[in-house]
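Enquirer: Can you keep this structure in mind? I'll have questions shortly.
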2 protein chains.
Amino acid sequence: MSDRGPQRPTQHTVSDDPATILQQPPGLTPVDSEFLRELGQQLRVDSVRCSTAAGSGHPTSSMSAADIVAVLLARHLVYDWSRPDNPNNDHLIYSKGHASPLCYSMFKAAGAITDEELLTFRKFGSRLEGHPTPVIPWVDVATGSLGQGLPISVGVALAGKYLDKLPFHVWALCGDSELAEGSIWEALDKAGYYGLSNLTAIFDVNRLGQRGETEYGWNLEVYRQRAEAFGAHPVVIDGHDVEQIDAALSNARRAVGKPTVVIARTIKGKGFSEIENKDGWHGRALPPDMAERAILEMGGVRHMTVQTQKPEPAGARHAGPAPQAPRVTLPTYEVGSKVATRKAYGDALVALGRLPDVVAMDGEVSNSTHADEFARAYPDRFFEMFIAEQMLISAAVGMSVRGYRPFASTFAAFFTRAYDFIRMAAISQANIRLSGSHAGVEIGQDGPSQMGLEDLAAMRAIHGSTVLYPSDANSAAKLTAAMADTDGVVFMRTTRGAYPVLYSADEEFQVGGAKVVRSSDRDQVALIGAGVTLHNCLAAADRLASEGVSARVIDLYSVKPVDKDVLREASAVTGGRFVVAEDHYPQGGLGAAVMEALAGDARPPRVAHCAVRDLPTSGRPEELMEAAGISGGNITDAARTLVNAERFETAGSSQRPGQGGVPPEKGGN
Amino acid sequence: MSDRGPQRPTQHTVSDDPATILQQPPGLTPVDSEFLRELGQQLRVDSVRCSTAAGSGHPTSSMSAADIVAVLLARHLVYDWSRPDNPNNDHLIYSKGHASPLCYSMFKAAGAITDEELLTFRKFGSRLEGHPTPVIPWVDVATGSLGQGLPISVGVALAGKYLDKLPFHVWALCGDSELAEGSIWEALDKAGYYGLSNLTAIFDVNRLGQRGETEYGWNLEVYRQRAEAFGAHPVVIDGHDVEQIDAALSNARRAVGKPTVVIARTIKGKGFSEIENKDGWHGRALPPDMAERAILEMGGVRHMTVQTQKPEPAGARHAGPAPQAPRVTLPTYEVGSKVATRKAYGDALVALGRLPDVVAMDGEVSNSTHADEFARAYPDRFFEMFIAEQMLISAAVGMSVRGYRPFASTFAAFFTRAYDFIRMAAISQANIRLSGSHAGVEIGQDGPSQMGLEDLAAMRAIHGSTVLYPSDANSAAKLTAAMADTDGVVFMRTTRGAYPVLYSADEEFQVGGAKVVRSSDRDQVALIGAGVTLHNCLAAADRLASEGVSARVIDLYSVKPVDKDVLREASAVTGGRFVVAEDHYPQGGLGAAVMEALAGDARPPRVAHCAVRDLPTSGRPEELMEAAGISGGNITDAARTLVNAERFETAGSSQRPGQGGVPPEKGGN
């Protein structure tokens, strides 16, 4: 259990109920209460106004939570609106991102935006988008894919408790519909396990989802029992009673040992009797005439401003990186020795551990991904997420919010479990590094469930992503270091098997680069691989050489962005004869990366594509690669066919146009 | 609440505890008990033998559950091993798929495979793969990605209770590590909500995960409280006491109103004292000398065979399709009228409802996807999964196991939440149809969190998948019908906005087809689109025509498989000048589909690629498409540039080689 790191709580017993968090908070004066009710009405009125001006949006989902947000903003949130980067600021994440009218109305009430800007909601060019994004300085992460804000809040709270060790509190406002997402329970499980008393989840139980009643309607007891069973302290309140809200939030902030879940019974559309608690009003702006009646009923337009409690002033957001960054000495490997790239990842991660802002987390497979090396070296900065990949990504995103450089690892195949979270991380402008081991048929006997065979396609399609796939240990170590300095979603695919080290330790590798491993001016064909298939390409080049065919070999270790220059030069020399070999399904991976790179050129290359076309089985890696058509022999065959096939010439010769035969392609998919 | 369909349980109260399920089961005789213990030892010995023969695998994870499986097989499982298609057979799903040695040892004990075959485990060519797959006739679905077997079991049980109405029972064997997956709780939530007393989940709590202790070790009380809070009846037992196991399974089979969760305290590696309850033995075969000692300690090799209780003989697996399939009359739409393709999907799904094996489910957005039309017409065959996309896919897979034709729908973006489940569905050879609405920037004001912009890449990379993207209502209706007759994972992307109907209702569309919407022998460029961009391509063709440029327009509604012939002909006519326009990120989508299709040809086309390169925001659809570079104007510009650019000629003329300039590309990604 040493790999859990220090300061982890002992396993919580769900029945323990610390009386300390139940102590009575100071009460509200009647004046306070009246002010809070007024503020709630303003938030409602503004939610109606901005969504009606936009002609779309979610006013009713905002109105249900308006009283909660009024009390939170005026009395509990600690936040300096002029200094959103103050490390002592609380975090407030709208897990129910569709309550953006409420979020933006809150910004107005805090004096952060003007009423005029509020009314630009959802208009082209406005930063007040349909769902919140970090284009807005007071928004930590993009939400709108339900069930993600709470897990990310857990990540932020983990950073707060175990890394920053600062007293800020994390508040997550959740809708009741999203409580059906498993990710909510992954999140509460980890919040309970790690004893995150600095986290409060608020469930806005307004009973109505998009197309009707939620699973449990106003059965708050169901949520109470679940929250308790998952290690949180549940508090059930009337979400429109400002005194109850105030007491609950006050207790939540002072909780010890456990996160708090405030379960608030609310009314959708609260404040406007025509639509209160009525079905059919989800995600609909009120028409102007109704909006007018609503505003009237809620007491008219107000422009109150709230002074939020400010935190202590503070310097940088977290400890590192220090002004004089410590020297990182990467591991090196002897050329020809056999080392798995996943091992090099682990070794390099330990080296990067000298940078105090580098943190790591893993999905209970750290002895496979080699993240366990970091866990042993830096237990304070390693977080075991167990088999919960959605929470794995969310923890990384949460730590990115706090300015850390998170490295998350699991099998390449299992990052697909969190694909929606990775998609949203890109919209959140999060900087997360992902290492996916055990990719492709190369893993062998474990069979297809464990083989990442669509990961390159999926990761390439993430906005602004970087996709790396090194073939040897020295390049893997260098690229792991490059990941630390690369923003956005950065994915590295590592290999299970140990293969010969190809490059000397002083060779340089960068994001967007490629290596020409073998070349001559007379190359007739280019063999392009990455990871395990680069080794197969080298074997093929040997065989082809013995047949008198000169083959260029390219290590396309940076799958996105791709090195167009190296590809173009290879195309020019070989007359556009490419064999691309990848341990991946044929769609969207290395082959597509090559094709997309040069498709706009006057003469795109002709590509013989060796990829995994049939559903793989179990077997030895070499058996499976041969069966899949990506072995050295398969690549040799494809290259030979291509060299003999029609193509445009490398010198300006006349030729007839037309479509030649396609190099051999195996099987289906 | 009418859309929930009939026969749904009233909302369960987690505290109710039906005494009926606690009645005493008939006890075991001492002879019975001794036999069961012996059978458990045989399963252990065989798990050790086959994994040692393979040199890999998970014997210790098998040994912990051996007694449970022995009792289940000998006394509770109702299964005809000679007739795996008997509709009255129970289902036993190894959610902990890595316990495959146990699963296969069970097959031997049932007389389904020989001892000789057992020893082919994990060898190339054997059907006994590292994790179970349906290549084996007694395996329903592939497992090995943890946390999926239980949700799929819920899908099977839903079919059993609400569709088949047969008394078969569904047993899911879960590991304790996978209980950290949110999907487990999504599954139990739905099992509780739908009152699936025909489902028993067995938690094999052996305390040890892959790299150390699990989150809660042997704290069975945590699991008990969680299972109860999620609507199940929890039973805690000693998983090595055959009497306790027998009583628990006996009660589980007779449960009413609720699913049962048997929480069994077990010992990893049970039976071999050298490794019992020891860390470091996950996923490791015993070396031959240890295996010998283990077999000796466990009493040697046995070849007992168990007569499993057989179900009533029965005919077809479910009611439909009837011998004389009812006539399906698809909806039709007038050319020029404006209809969203998601609406056509909903209309067509209602029409397909005449086929009694067509079922549908949705992720609480049926009024957006238009699945609500089916829910109203066929409430008995519609299943509301609420906002739980992993369970949405699992329900579809479970119904596919029972021979139904499931159609699952949500926003295209939110299928990414279940990407790992879709990946595994392909390995499971499941036949599931997915309709993803609200794709791309075309959705407008809701912003990027709701925009499917990587769905085509992700879905194309699924093994054996079909990807459809119709541009008008008549083609959408025809393709919805085609989905019903297409095996594997079939995805259709539908559009939020209403666009003009382009095709007459008698036009035919098929999987793998494409439509040449405009053409002449003099076409200088081909504009290729699908969905909303086809309309933009048509607008561009009009503008180009006014400039004297003749453009072919291709509706690539079948994105996978793609119609190579139509593309090749267009390339030949236009000298390989293609503009591909897609409302998707540039990687792996429509553009890649075109490039991959022709990349092996002697002269691949030159592709100007209009795709979404910058992170979109909120705005009107036309504003966002223009900003993304995929509007009619953008396509016109790209085509004009391409027509004026260097290219190989359509008649056999001499030309110089080289790489021309790339057509304009906007922004990053």
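The values are calculated or read from the model by the stated rules, or taken from the named source; none is laboratory data. What you see is a predicted model; the values in this text were computed from it and never measured. Every residue, glycine as well, gets a Cβ built from its backbone with ideal geometry; the counts of neighbours run over all protein chains shown. Side chains are part of the model used for accessible areas, which takes the heavy atoms of the whole protein and leaves out ligands, DNA and RNA. Shrake-Rupley method; radii C 1.70, N 1.55, O 1.52, S 1.80 Å.
Listed here are the residues, each with its yes/no results for (1) more than 7 Å from chain B (Cβ to nearest Cβ); (2) open to solvent by 10 Å² or more (accessible area, probe 1.4 Å); (3) modelled with pLDDT of 95 or more.
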{"position": "A:Asp189", "(1), (2), (3)": "no, no, yes"}
{"position": "A:Tyr194", "(1), (2), (3)": "yes, no, yes"}
{"position": "A:Ile202", "(1), (2), (3)": "yes, no, yes"}
{"position": "A:Val205", "(1), (2), (3)": "yes, no, yes"}
{"position": "A:Glu213", "(1), (2), (3)": "no, yes, yes"}
{"position": "A:Tyr216", "(1), (2), (3)": "no, no, yes"}
{"position": "A:Leu220", "(1), (2), (3)": "yes, yes, yes"}
{"position": "A:Arg226", "(1), (2), (3)": "no, no, yes"}
{"position": "A:Ala229", "(1), (2), (3)": "no, no, yes"}
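For every residue, the table says whether it meets (1) part of a loop (DSSP other than H, G, I, E, B); (2) surrounded by 24 or more Cβ atoms within 10 Å (Cβ to Cβ).
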| position | (1), (2) |
| --- | --- |
| B:Gly512 | yes, no |
| B:Val517 | no, no |
| B:Leu527 | no, yes |
| B:Thr533 | no, yes |
| B:Leu538 | no, no |
| B:Asp542 | no, no |
| B:Ala545 | no, no |
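Enquirer: Only one residue in A:Pro448, A:Pro470 is at the interface with another protein chain (Cβ under 9 Å from one of its Cβ atoms) and farther than 16 Å from B:Glu454 by Cβ. Which one?
Expert: The match here is A:Pro448.
Enquirer: Out of segment B:414-435, which residues are within 8 Å of chain A (Cβ to nearest Cβ), farther than 14 Å from B:Asp362 by Cα and either without any contact (Cβ under 8 Å) to a residue 60 or more places away in the chain or among the hydroxyl-bearing types (Ser, Thr, Tyr) (or both)?
Expert: Within segment B:414-435, B:Thr416, B:Tyr419 meet the criteria.
Enquirer: Outside any strand (DSSP E or B) and more than 14 Å from chain B (Cβ to nearest Cβ): is that true of A:Leu163 in this structure?
Expert: Judged against the criteria, A:Leu163 is a match.
Enquirer: So, in segment A:57-93, how many residues would count as being open to solvent by less than 10 Å² (accessible area, probe 1.4 Å) and either under 25 Å from the mean Cα position of the chain (by Cα) or at positive phi (or both)?
Expert: Here the count works out to 7.
Enquirer: Restricting attention to segment B:498-510, which residues are in a loop (DSSP other than H, G, I, E, B) and either touching a Gly at 6+ places or on another chain (Cβ under 8 Å) or modelled with pLDDT under 95 (or both)?
Expert: Passing the criteria: only B:Val501.
Enquirer: Of the residues that sit in segment B:309-321 and are of a type in the set (A, V, I, L, M) and open to solvent by 40 Å² or more (accessible area, probe 1.4 Å), which one is modelled with the lowest pLDDT?
Expert: B:Ala319
Enquirer: While we're here: Test A:Ala247 against the stated conditions and say whether it is touching a Leu at 6+ places or on another chain (Cβ under 8 Å) and either within 13 Å of chain B (Cβ to nearest Cβ) or touching a residue at least 24 places away in the same chain (Cβ under 8 Å) (or both).
Expert: no
Enquirer: Another question about this same structure. Within the bounds of segment B:378-392, is there any residue that is surrounded by fewer than 21 Cβ atoms within 10 Å (Cβ to Cβ), without any contact (Cβ under 8 Å) to a residue 40 or more places away in the chain and either aliphatic (A, V, I, L, M) or out of contact with any helix residue (DSSP H, G or I) (no Cβ under 9 Å at 6 or more places or on another chain) (or both)?
Expert: No, segment B:378-392 has no match at all.
Enquirer: What residue, of B:Ala371, B:Ala351, B:Ala377, B:Ala344, is within 19 Å of the chain's Cα centre (by Cα) and aliphatic (A, V, I, L, M)?
Expert: B:Ala371
Enquirer: Could you please let me know if B:Arg265 is open to solvent by 10 Å² or more (accessible area, probe 1.4 Å) and more than 30 Å from B:Tyr345 (Cα to Cα)?
Expert: yes
Enquirer: Given the structure, is B:Val579 open to solvent by less than 10 Å² (accessible area, probe 1.4 Å), more than 9 Å from chain A (Cβ to nearest Cβ) and not in a helix (DSSP H, G or I)?
Expert: yes
Enquirer: Let me ask something additional. On the basis of being within 14 Å of chain B (Cβ to nearest Cβ), touching a residue at least 60 places away in the same chain (Cβ under 8 Å) and under 27 Å from B:Thr416 (Cβ atoms), does A:Ile184 make the cut?
Expert: no
Enquirer: I would also like to ask the following. Find the residue count for segment A:481-509, including only residues that are under 30 Å from the mean Cα position of the chain (by Cα) and more than 19 Å from A:Val532 (Cα to Cα).
Expert: 11
Enquirer: Further, regarding this structure: Say whether the condition of being aliphatic (A, V, I, L, M) and free of Cβ contacts under 8 Å to residues at least 60 places away in the same chain is met by at least one residue in segment B:104-123.
Expert: Checked against the condition, which is being aliphatic (A, V, I, L, M) and free of Cβ contacts under 8 Å to residues at least 60 places away in the same chain, segment B:104-123 yields at least one hit.
Enquirer: Report, by residue number, each residue of segment B:547-576 that is open to solvent by 10 Å² or more (accessible area, probe 1.4 Å) and of a type in the set (S, T, N, Q).
Expert: Passing the criteria: only B:Ser550.
Enquirer: Go through segment A:393-412 residue by residue and tally those that are open to solvent by 10 Å² or more (accessible area, probe 1.4 Å) and away from chain B (no Cβ under 14 Å).
Expert: 5
Enquirer: Would you be able to say whether some residue in segment B:617-626 is outside any strand (DSSP E or B), closer than 30 Å to A:Val579 by Cβ, polar (S, T, N, Q) and within 10 Å of chain A (Cβ to nearest Cβ)?
Expert: Within segment B:617-626 (the criterion being outside any strand (DSSP E or B), closer than 30 Å to A:Val579 by Cβ, polar (S, T, N, Q) and within 10 Å of chain A (Cβ to nearest Cβ)), the answer is no, since none of the residues qualifies.
Enquirer: Taking B:Phe168 as meeting all but one of (1) touching a Gly at 6+ places or on another chain (Cβ under 8 Å); (2) open to solvent by less than 10 Å² (accessible area, probe 1.4 Å); (3) over 24 Å from B:Gln309 (Cα atoms), write down the number of the exception.
Expert: With respect to (1) touching a Gly at 6+ places or on another chain (Cβ under 8 Å); (2) open to solvent by less than 10 Å² (accessible area, probe 1.4 Å); (3) over 24 Å from B:Gln309 (Cα atoms), B:Phe168 is out only on (3).
Enquirer: Between a first residue in segment A:130-145 that is under 17 Å from A:Ser105 (Cβ atoms) and facing chain B (nearest Cβ under 7 Å) and a second residue that is part of a loop (DSSP other than H, G, I, E, B) and among the acidic types (Asp, Glu), which pairs have beta carbons less than 8 Å apart while being 6 or more apart in sequence or on different chains?
Expert: Pairs found: A:Gly130/B:Asp446; A:His131/B:Asp446.
Enquirer: Taking the condition under 17 Å from B:Asp601 (Cα atoms) and either open to solvent by 10 Å² or more (accessible area, probe 1.4 Å) or not in a helix (DSSP H, G or I) (or both), does A:Val607 pass?
Expert: Criteria met by A:Val607.
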